[in-house]
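The values are calculated or read from the model by the stated rules, or taken from the named source; none is laboratory data. Predicted model only: the values in this text are computed from it and were never measured. Here the Cβ is made from the backbone with ideal geometry for all residues, glycine too, and neighbour counts use every protein chain on show.
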Amino acid sequence: MSGALEQAVLEALHDKPASGGKLIERFQAAGAPDIEGCAVLVYGALATLAKRGTIRRLAKSDGEQVWGVGEDARGVAAPPGFPPSFGLEAGDLAMLEKQVWDRTRGLPSFYFEELRRAVVADADRRIFRGAKLPGAAREAIAALGPVKAVRRYLGRVEAGRSLPSRLTRGGRVRWLVTPLVLLVFFVAVRLFVIGFYTIPARSVSMAPALIPAVEGGDRWVLAEFLSGYWRTPARGEIWLFRPPGDSDVFVKRVWGLPNENLSFRDGDLYIDGKRLMKSRALLDRVKVPLFTLADGEDAGDSGTQLPPAHLGYRNVDGTFTRWPGVCRDVVVAARVRGGTAKDATVTLTLDDGVKRHIVLLHADGYKGSVAFGGIAQGARDGRLALPSGDTTREVWITNADGRLRVEIDGAEVAAQDVSYTSKNPHASILATGGATVTALSVARDLHFVRGNDVTAVKVPSGAYYFLGDNSQNSRDSRQFGSIPLEAIVGRGYAVLWPMSRWRRLR
């Protein structure tokens, strides 16, 4: 606390006992520089002097605490209530009261009462000197200091903690120290927490998870380093790394883990001789969108024929980039509602080019059914019921990784392994009897192909096998081999730029 201000407060109390608000009025009237722009420091001086025993509390009046010095202060009457306002209008008084309340919210009421007295008197004094309304009111409030700073300062006074010599509101020290602290913080974060990496303008190796910038897509990827300190990469995650002997940073997805034997057949990944069966969560993360019926659109009572799931991906402008080949794995998800009719139905058909698989949802759930290739799979237990009213239900069907699966609201109701190879699958959906389809999406699974299938690869201990989502056009571990853990930079967290493309990477 400023010694000069403490001395000024002590001398003023020697002349006449007063409250904090009255002291502020005296100092402001005299133009004292010690409190110009930070009148609330007076309360800190009073608290410090009281703690030392130099001054003592006298009687209170209208919530104001009167302070005095020595024996002569005994019996001194407390000051009257708020001074009348000679120039402020009702609206200005209400504004001042609200501003003072914001600065003293959560603190004992006497802070509000005394600061209100001080600010009203100061605004009247400014008007008397020729200031115009509401400028005088705003200047009187500004003399107290910023809202957060005043509240923080008075809270420290109330708690009896050490007090600064000035209110935290700017000045040379702040403008020197703050940028330096921010610079140190930024450097520390940049080195140990996050990094920013540019995607090559024409790189399509991770499409559509990362669309190349030349097509109006992604430019900067935000990587976070902390994951690498407390855990190792997991299958299906996007990480950044530097291949041995290459200074460039690559962005790919992890598929092979240490000590695994990998091979690829018919677009699927085999680990230690067994085809990888992706979980629902992993399949949803890596699937390539082909068709979407947005929320709010209605497929109505007519059938909607969905496009074939060829290799390829949708571009930023909605066009579809195709690659040679046929995708044999397809994922269909729909959100449906039954309405009020008793015979409402939704029929979702997945034709894999060899057999037709049908999921029927009915208003009466026991009339619903699942049939793979014309063979009933049961599930006549109410789980295939169409909900009425505004309630919706999600139906999910896929033929991926050599297995047919049907889930209703995330719970599996039917599944069957398939031994044949599907050809050019497509899907359709039909809603009848007042049933509606509120959301619909068709996607394909990743298809690991680059010319001939890759024979067995052994992933060394402490290394990982990375692949691009767009296998047809990707330089990845098939060219430069497995990546040792020390060459991994960090986990791909989000697309940072352009802001219109901001999103978390999955």
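Has the stretch 438-446 got any residue that is among the small types (Gly, Ala, Ser) and in a loop (DSSP other than H, G, I, E, B)?
No, the stretch 438-446 has no match at all.
Output the residues belonging to the stretch 454-494 that are among the hydrophobic types (A, V, I, L, M, F, W, C) and under 19 Å from Leu505 (Cα atoms).
Of everything in the stretch 454-494, those that are among the hydrophobic types (A, V, I, L, M, F, W, C) and under 19 Å from Leu505 (Cα atoms) turn out to be Phe466, Leu467, Ile488, Val489, Ala494.
Condition first: assigned to a helix (DSSP H, G or I), out of contact with any Cys (no Cβ under 6 Å at 6 or more places or on another chain), modelled with pLDDT under 80 and exposed (fewer than 15 other Cβ atoms within 10 Å of the Cβ). Can you find one or more residues in the stretch 99-106 that meet it?
Checked against the condition, which is being assigned to a helix (DSSP H, G or I), out of contact with any Cys (no Cβ under 6 Å at 6 or more places or on another chain), modelled with pLDDT under 80 and exposed (fewer than 15 other Cβ atoms within 10 Å of the Cβ), the stretch 99-106 yields no hits at all.
Condition first: of a type outside the set (A, V, I, L, M, F, W, C), in contact with a helix residue (DSSP H, G or I) (Cβ under 7 Å, 6 or more places away or on another chain), under 26 Å from Pro212 (Cα atoms) and in contact (Cβ under 8 Å) with a residue 40 or more places away in the chain. Can you find one or more residues in the stretch 421-444 that meet it?
The answer is no, given that none of the residues of the stretch 421-444 is of a type outside the set (A, V, I, L, M, F, W, C), in contact with a helix residue (DSSP H, G or I) (Cβ under 7 Å, 6 or more places away or on another chain), under 26 Å from Pro212 (Cα atoms) and in contact (Cβ under 8 Å) with a residue 40 or more places away in the chain.
Can you go through Val495, Val457, Val489 and tell me which one is surrounded by 21 or more Cβ atoms within 10 Å (Cβ to Cβ) and not aromatic (Phe, Trp, Tyr)?
So the residue among Val495, Val457, Val489 that is surrounded by 21 or more Cβ atoms within 10 Å (Cβ to Cβ) and not aromatic (Phe, Trp, Tyr) is Val495.
Would you be able to say whether some residue in the stretch 414-431 is among the basic types (Lys, Arg) and under 36 Å from the mean Cα position of the chain (by Cα)?
No.
Considering (1) of a type in the set (Gly, Ala, Ser); (2) part of a loop (DSSP other than H, G, I, E, B); (3) more than 24 Å from Ile271 (Cβ to Cβ), say which one Ser422 fails and leave the rest.
Single failed check for Ser422: (3).
Can you pull out the residues in the stretch 461-504 that are out of contact with any Leu (no Cβ under 8 Å at 6 or more places or on another chain) and in a loop (DSSP other than H, G, I, E, B)?
Within the stretch 461-504, Ser461, Gly468, Asn470, Arg475, Gly481, Ser482, Pro498 meet the criteria.
I need a count of the residues in the stretch 399-429 that are of a type in the set (Gly, Ala, Ser) and surrounded by 22 or more Cβ atoms within 10 Å (Cβ to Cβ).
Pass one, the stretch 399-429, residues of a type in the set (Gly, Ala, Ser): 400, 402, 410-411, 414-415, 419, 422, 427-428.
Checking the rest, the ones that are also surrounded by 22 or more Cβ atoms within 10 Å (Cβ to Cβ) come to 400, 414, 422, 427.
Selection size over the stretch 399-429: 4.
If a residue has to be within 16 Å of Ser482 (Cα to Cα) and either outside the structural domain of Leu485 (by TED's automatic domain parsing) or in a strand (DSSP E or B) (or both) to count, how many in the stretch 258-269 make the cut?
Going through the stretch 258-269 one residue at a time, the tally reaches 5.
If Val66 satisfies every condition in (1) buried (at least 16 other Cβ atoms within 10 Å of the Cβ); (2) part of a helix (DSSP H, G or I); (3) at pLDDT 75 or above but one, which is the exception?
Val66 satisfies all of (1) buried (at least 16 other Cβ atoms within 10 Å of the Cβ); (2) part of a helix (DSSP H, G or I); (3) at pLDDT 75 or above except (2).
Only one of these is more than 16 Å from Val332 (Cβ to Cβ) and aliphatic (A, V, I, L, M): Ala427, Ala431, Ala411. Name it.
On the way: Ala427 fails: more than 16 Å from Val332 (Cβ to Cβ); Ala431 fails: more than 16 Å from Val332 (Cβ to Cβ).
One residue alone meets the criteria, Ala411.
Can you go through Val181, Val157, Val204, Val221 and tell me which one is in a loop (DSSP other than H, G, I, E, B), of a type in the set (Val, Ile, Thr) and modelled with pLDDT of 70 or more?
Testing whether each residue is in a loop (DSSP other than H, G, I, E, B), of a type in the set (Val, Ile, Thr) and modelled with pLDDT of 70 or more leaves just Val204.
Is there a residue being at pLDDT 90 or above and of a type in the set (Asp, Glu) anywhere in the stretch 287-306? Explain how you work it out, then say what you get.
Filtering the stretch 287-306 for residues at pLDDT 90 or above gives none.
Taking every residue of the stretch 287-306 in turn, none turns out to be at pLDDT 90 or above and of a type in the set (Asp, Glu).
Kindly establish whether Thr432 is hydroxyl-bearing (Ser, Thr, Tyr) and in contact with a Ser or Thr (Cβ under 9 Å, 6 or more places away or on another chain).
Here the answer is yes, as Thr432 does meet what is asked.
On the basis of being in a strand (DSSP E or B), within 18 Å of Val286 (Cα to Cα) and outside the structural domain of Val249 (by TED's automatic domain parsing), does Ile429 make the cut?
no
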